[in-house]
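Scroll down for the structure; my scribbles are underneath it.
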């Protein structure tokens, strides 16, 4: 039976890269697409001019399907970004962090496949009714800006899969073939990963960021921002500890110190005394830095072996 995600998106593997906002690496996204997945760059809060360069770079480095993620309520020039995507012929768009209803018809009119990121059944239903082709269900284990809903991937996926008529993609807490197998068993048709792709040969992040993931344990991430309802999962570190100390104080101060420029300082400059780095809870499982092709090939092989072994054990 054909996988609905590979069929819809024209990719080899049902593995999608999560949008990484301002630190998105267009050449990493292209490498993921070239290796059979769906490479994605996130526009975050970057200027339209910089987005233009990143999208062009990604598309110049792959002739395979690729994707742009737009955080709908975050970027100040959403309409301009949508027009740019249409003009450049980007085949897939991922919409997150806001109501996608007004944007979906513009994209569908141009035969662009639309993925919507949801963290609740209610959000998934609304996105499906608005015309989304695929739903990414992101559990609380995921890196970066997170939902106030604390549903885990394992509990969220089967509930959403039971509630929508389009294929579901699992996100949050997945880094190997066992995670892919689990997602398929829960009713998803594929997975989205972010943290796992940071620790790959093609990822041009600072060595300190990669090493911090490779050295992580199951206790290495924390949630910041609960008092402000602006929560984010990050790796523990000096700057992250400062953020924990100030989150009960001025919301303006906390929001200022969690701007994306501080993520860039941590992830791109490798300075975790003056910036933070996003990471999912699965970081403790990641102990090597393969090429993206090696990673995805190994994931699919391991998923097949895991599913077969599970059936044989029944």
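The values are calculated or read from the model by the stated rules, or taken from the named source; none is laboratory data. Here the structure is a predicted model, which is why all the values come from computation and not from measurement. Here Cβ is always computed from backbone atoms with ideal geometry, including for glycine, and neighbour counts include all displayed protein chains.
Between a residue in region 143-156 that is in the same structural domain as residue 120 (by TED's automatic domain parsing) and any residue that is modelled with pLDDT of 80 or more and exposed (fewer than 15 other Cβ atoms within 10 Å of the Cβ), which pairs come within a Cβ distance under 7 Å, given they are 6 or more apart or on different chains?
As it stands, the answer is 148/229, since those pairs meet every condition given.
Restrict the check to region 233-253 and report whether at least one residue is part of a loop (DSSP other than H, G, I, E, B) and within 23 Å of the chain's Cα centre (by Cα).
yes
Mind checking whether some residue in region 75-93 is at pLDDT 95 or above and within 17 Å of the chain's Cα centre (by Cα)?
yes
Test residue 195 against the stated conditions and say whether it is at negative phi and touching a strand residue (DSSP E or B) at 6+ places or on another chain (Cβ under 8 Å).
Spelling it out, residue 195 is indeed at negative phi and touching a strand residue (DSSP E or B) at 6+ places or on another chain (Cβ under 8 Å).
Residue 192: under 30 Å from residue 121 (Cα atoms) and surrounded by 21 or more Cβ atoms within 10 Å (Cβ to Cβ), yes or no?
It is true that residue 192 is under 30 Å from residue 121 (Cα atoms) and surrounded by 21 or more Cβ atoms within 10 Å (Cβ to Cβ).
Search region 26-59 for residues being assigned to a loop (DSSP other than H, G, I, E, B) and at pLDDT 95 or above, and hand back the single one that is surrounded by the most Cβ atoms within 10 Å (Cβ to Cβ).
Among those residues, the one meeting the criterion is 37.
Can you tell me which of 175, 171 is touching a strand residue (DSSP E or B) at 6+ places or on another chain (Cβ under 7 Å), crowded, with 22+ Cβ neighbours inside 10 Å, modelled with pLDDT of 95 or more and within 18 Å of residue 71 (Cα to Cα)?
Sole residue among the options that is touching a strand residue (DSSP E or B) at 6+ places or on another chain (Cβ under 7 Å), crowded, with 22+ Cβ neighbours inside 10 Å, modelled with pLDDT of 95 or more and within 18 Å of residue 71 (Cα to Cα): 171.
Do we have residue 118 as closer than 24 Å to residue 277 by Cα, surrounded by 16 or more Cβ atoms within 10 Å (Cβ to Cβ), assigned by TED's automatic domain parsing to the domain that holds residue 189 and touching a strand residue (DSSP E or B) at 6+ places or on another chain (Cβ under 7 Å) here?
yes
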